[in-house]
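Report on the structure given below.
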Number of protein chains: 2
Amino acid sequence: MIAWLLSIEKACEESEMAIVGKHNSITDVAGIMAGNYTNKLAASGVTVILCKEGAVAGVDVRGSAPGTRETDLLNPINLVESVQAVVLSGGSVYGLAASDGVVRWLADRHLGFPMDEDENHVVPIVPAAVLCDLGRGADFIPPIQADWGARACDAAHNGPLSEGCIGAGTGAVSGAIKGGLGSASLVMAHGITMAAVVAVNSFGSVVNPDTGMIWERDTGIKNEYGDQGKRSVRLPQQLPEPPIANTTIGIVATDAKITKAQAKKIAQMAHDGLARAVRPSHTMFDGDTLFCLATGKRVLPDTQGVLAGNKAQAMNDMGHAAAECMSRAIVHGILAAETHGNFMAFRDLPDRAISSKP
Amino acid sequence: MIAWLLSIEKACEESEMAIVGKHNSITDVAGIMAGNYTNKLAASGVTVILCKEGAVAGVDVRGSAPGTRETDLLNPINLVESVQAVVLSGGSVYGLAASDGVVRWLADRHLGFPMDEDENHVVPIVPAAVLCDLGRGADFIPPIQADWGARACDAAHNGPLSEGCIGAGTGAVSGAIKGGLGSASLVMAHGITMAAVVAVNSFGSVVNPDTGMIWERDTGIKNEYGDQGKRSVRLPQQLPEPPIANTTIGIVATDAKITKAQAKKIAQMAHDGLARAVRPSHTMFDGDTLFCLATGKRVLPDTQGVLAGNKAQAMNDMGHAAAECMSRAIVHGILAAETHGNFMAFRDLPDRAISSKP
């Protein structure tokens with residue numbers, strides 16, 4: 001009984017499961033592919049998560065400067081039950097155009113909400129969220145068009161996912177340092193996989209300014225953060241640019257079979273992982289938006305005791321795992337980032353001699 | 001400019017302000033009084049926060065098993081602009097009755113939404129949330145009636161607030177140990193006060209099971225958690241009761257002048273402090289609900305730069321301060337709790353020799 005209360009890692013250690021998925025990435029979820037298009041010159045890019053067979057989806061928007069499309073249809077009271085892709089993009093408002101290319105790419109393959117019985121005509125369902133990386137590349141507005149989305153689809157695969165300054169994380173900045181794209185996965189004791197991908201472009205900091213250490217460094221499984229994750233660094237004394245150009249966007253995905261309402265609940269709990277890893281988060285300058293995708297391959301175990309049958313216990317585990325994966329993906333994004341101009345990467349910051357608050 | 005990015009404490013230290021309010025409690029906010037009614041035999045109680053002159057209010061419900069009243073009127077699109085009290089109560093559904101006593105207590109003093117021009121007749125506005133402590137006292141259902149609410153009003157004051165097994169925290173349990181009522185405050189660099197009160201009755205744990213230490217022990221200001229806050233303890237190996245009877249409920253309050261929408265935003269960001277301090281939080285078994293009250297005595301400083309005039313920067317500080325106060329109030333609630341039957345208090349847990357994950 002105590003297992004629900006312990007951290008997921010603990011529960012998994014007890015059952016001696018391999019707790020990190022094969023690639024420690026969102027591509028560990030059966031039915032999920034990921035693709036990036038990166039434009040270094042424009043310091044922007046697009047990340048597409050494809051679920052060609054469809055995935056039940058939910059979303060929770062908690063930042064106060066969001067940029068999104070197709071999020072209203074994810075309300076559990078609305079018609080559409082599954083989506084074919086979710087797009088994370090740089091370029092702020094302009095980045096929403098990338099989704100048009102993903103819609104067309106899917107339509108060409110007859111993947112989408114069916115408009116006739118033989119599924120010859122479809123309406124691809126492609127929710128999207130953007131982050132603001134304007135002004136960090138050659139031009140203030142990166143030249144994002146529909147083709148960026150299509151190219152990310154062309155690149156989609158289910159192997160190991162590159163991290164750092166790639167896809168939607170290309171131009172990302174987190175607090176005073178370079179942000180990036182990160183991913184992580186977890187195989188839970190009952191065999192269900194949870195995973196996350198996130199582009200960290202936050203107003204708040206992943207690094208505790210009092211200690212110079214990663215806030216959520218203790219969330220790492222089996223030394224996954226390596227020596228970088230143990231460092232205490234000296235943060236830049238100046239922000240490299242005025243704030244406002246922020247927003248962390250991400251996706252948690254699972255192979256579990258859940259409803260739209262349950263997907264929304266998991267997206268909500270995933271924000272707890274963002275809250276822990278980025279401080280402050282969900283500010284007026286962030287459009288923090290997280291999606292949940294569920295490919296429906298595995299049935300949730302039943303709740304024991306008085307609530308038998310309603311899956312609540314498994315939902316607690318799933319939501320907690322989503323939060324943990326989100327925290328870990330955020331740390332990966334920061335550790336994988338590379339210095340870009342004035343935006344120093346964590347890995348390139350000098351060591352701090354002694355922490356002021358040990 | 002970097003100050004926004006640093007933790008609030010750091011910003012405050014830099015300006016050499018006293019950063020914790022006079023009593024380190026929600027009563028540090030001008031215009032706020034707090035009162036408790038405690039029934040040890042029933043292992044339940046009521047906490048009332050009174051704002052006799054009215055306070056602009058917001059709420060964010062993020063747990064999946066909430067028990068509330070008068071939360072819909074806090075939607076920014078709705079009529080009522082201010083409330084006269086917020087009630088936190090034990091007793092699950094039955095505890096909602098305590099609010100009736102608070103409503104009558106206020107009506108007797110002509111405090112409420114005016115129904116005629118001379119304010120002779122009023123409708124007191126009293127949002128409330130309950131937590132589930134059923135089965136922990138002499139009877140399964142504690143005998144909560146309206147008089148419990150009235151007695152809490154009678155006891156209201158603006159001095160130091162007792163913590164632990166008192167008021168709504170009387171029967172609270174947090175994970176495998178005893179929960180309780182906690183409070184904390186912060187005076188920000190610009191002189192605005194933020195404070196929190198919370199009854200910690202969570203499914204998740206305030207203590208990291210891997211280390212036996214308080215998850216958010218580093219949030220303490222000037223050793224406010226004392227030696228207890230530094231301990232590594234051995235948690236009970238069994239939950240003292242089956243889960244389900246959970247829910248953390250609380251209030252953040254400020255003397256700032258803000259709108260209903262801004263109060264909702266601050267309540268939302270306060271949940272980030274709950275997410276950090278209680279892991280997991282916002283589960284299917286928690287009805288986690290946080291209110292924000294603003295007494296309107298101090299004007300928010302203007303945002304600098306391109307967003308001048310919209311107060312966004314100050315809102316970031318306020319929301320972050322609300323999250324920090326919420327985390328700290330939660331830790332206070334756990335450290336102040338006393339053992340009750342099988343529910344062991346943190347302070348009575350044995351020391352752990354060596355942490356397994358240092």
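Observations on the structure shown:
- Derived value for the protein assembly as shown: Kirkwood hydrodynamic radius 25.4 Å. Basis is the mean of 1/r over every pair of different alpha-carbon atoms.
- Segment residue A:157-residue A:117, extension gain: residue separation times 0.36 nm, minus the distance between their alpha carbons: 11.5 nm
- Cβ charges +1 (Lys, Arg) and -1 (Asp, Glu), total dipole of segment B:255-299, debye: 300 debye
- Point-to-point label distance, residue A:210-residue B:308, nm (Cα→Cβ direction, 7 Å offset): 3.5 nm
- Peptides B:275-286, B:184-195, ordered by how many other C-beta atoms sit within 10 Å of their residues on average, highest first, read B:275-286, B:184-195.
- Scanning chain A for GluC sites (Glu not before Pro) in DSSP loops with at most 15 neighbouring Cβ atoms within 10 Å leaves A:225-337 as the longest stretch between them.
- Prolate/oblate/rounded call for segment B:26-82, Cα gyration tensor, a/c under 1.5 rounded: oblate
- Net charge of neighbours whose Cβ lies under 10 Å from the Cβ of residue A:348, counting Lys and Arg as +1 and Asp and Glu as -1: +1
- Sequence-distant residues sharing a close amide H with residue B:208 (under 5 Å, placed H): B:213, B:214, B:215
- Farthest positive-ward along the protein assembly as shown dipole, Cα basis, beta-carbon charges - from A:148, B:176, B:46: B:176
- Remark: chain B carries a charge dipole of roughly 760 debye about the Cα centre, counting +1 on each Lys and Arg Cβ and -1 on each Asp and Glu Cβ.
- Label separation (residue A:22 vs residue A:140): 4.7 nm, computed from points 7 Å beyond Cα along the C-beta direction.
- Measuring against 24 Å, Cα to Cα, the residue pairs A:40/A:230; B:52/B:257; A:230/B:230 contain A:40/A:230 as the ones spanning a longer distance.
- Estimated dipole of segment A:27-181 in Debye, rounded to 20 [Cβ of Lys and Arg +1, of Asp and Glu -1, Cα centre]: 740 debye
- Partner chain coverage, peptide A:237-250 - average Cβ within 10 angstrom: 2
- Overall form of chain B per C-alpha gyration tensor (a/c, 1.5; a/b vs b/c): oblate
- Shown for residue A:341: label points 7 Å from Cα along the beta-carbon vector, and their distances to the equivalent points in the other copies, 6.4 nm in ascending order.
- Largest accessible area first, the listed residues A:100, A:302, A:227, B:116 line up as A:227, A:302, A:100, B:116 when surface is computed with a 1.4 Å probe on the assembled protein chains.
- Among the listed pairs A:222/A:260; A:265/B:222; A:264/A:297; B:222/B:265, those beyond 26 Å (Cα-Cα): A:222/A:260; A:265/B:222; B:222/B:265
- The share of accessible area on segment B:228-358 that comes from carbon and sulfur is 54 percent, using a 1.4 angstrom probe.
- Accessible surface, 1.4 Å probe, highest first, among residues A:264, A:297, B:260: A:297, A:264, B:260
- Only protein heavy atoms count here; on that basis, with a 1.4 Å probe, residue B:340 has an accessible area of about 60 Å².
- Placing a label point 7 Å from Cα along the Cα-to-Cβ axis, residue A:222 is separated from the same position in the other copies by 4.7 nm, shortest listed first.
- Per-residue [θ]222 nm for chain A (sum of -39500 (n - 2.57) over DSSP H runs n ≥ 4, rounded to 500): -6500 deg cm²/dmol
- Whether segment B:182-249 is rounded, prolate or oblate, judged on the alpha carbon gyration tensor where a/c under 1.5 counts as rounded: oblate
- Rounded accessible area of residue B:231 (nearest 10 Å², 1.4 Å probe): 40 Å²
- Sorted from nearest, the other copies put their residue B:40 label points 7.1 nm away, the label point being 7 Å from Cα in the direction of Cβ.
- Entry note: segment B:57-111 has Rg to Rh equal to 0.98, where both radii use alpha-carbon atoms and Rh is the Kirkwood radius.
- Å³ per residue enclosed by the Cα convex hull of segment A:222-330: 144 Å³
- Shielding score for B:218-225, defined as the mean number of other chain Cβ atoms within 10 Å: 1
- Only protein heavy atoms count here; on that basis, with a 1.4 Å probe, residue A:99 has an accessible area of about 0 Å².
The values are calculated or read from the model by the stated rules, or taken from the named source; none is laboratory data. Fair warning: this is a prediction, and the values are worked out from it, not measured in the lab. When we count neighbours, we look across all protein chains shown, and the Cβ atoms used for this are built from the backbone with ideal geometry, even at glycine. Protein only, heavy atoms only, side chains kept; ligands, DNA and RNA dropped before computing areas. Shrake-Rupley method; radii C 1.70, N 1.55, O 1.52, S 1.80 Å.
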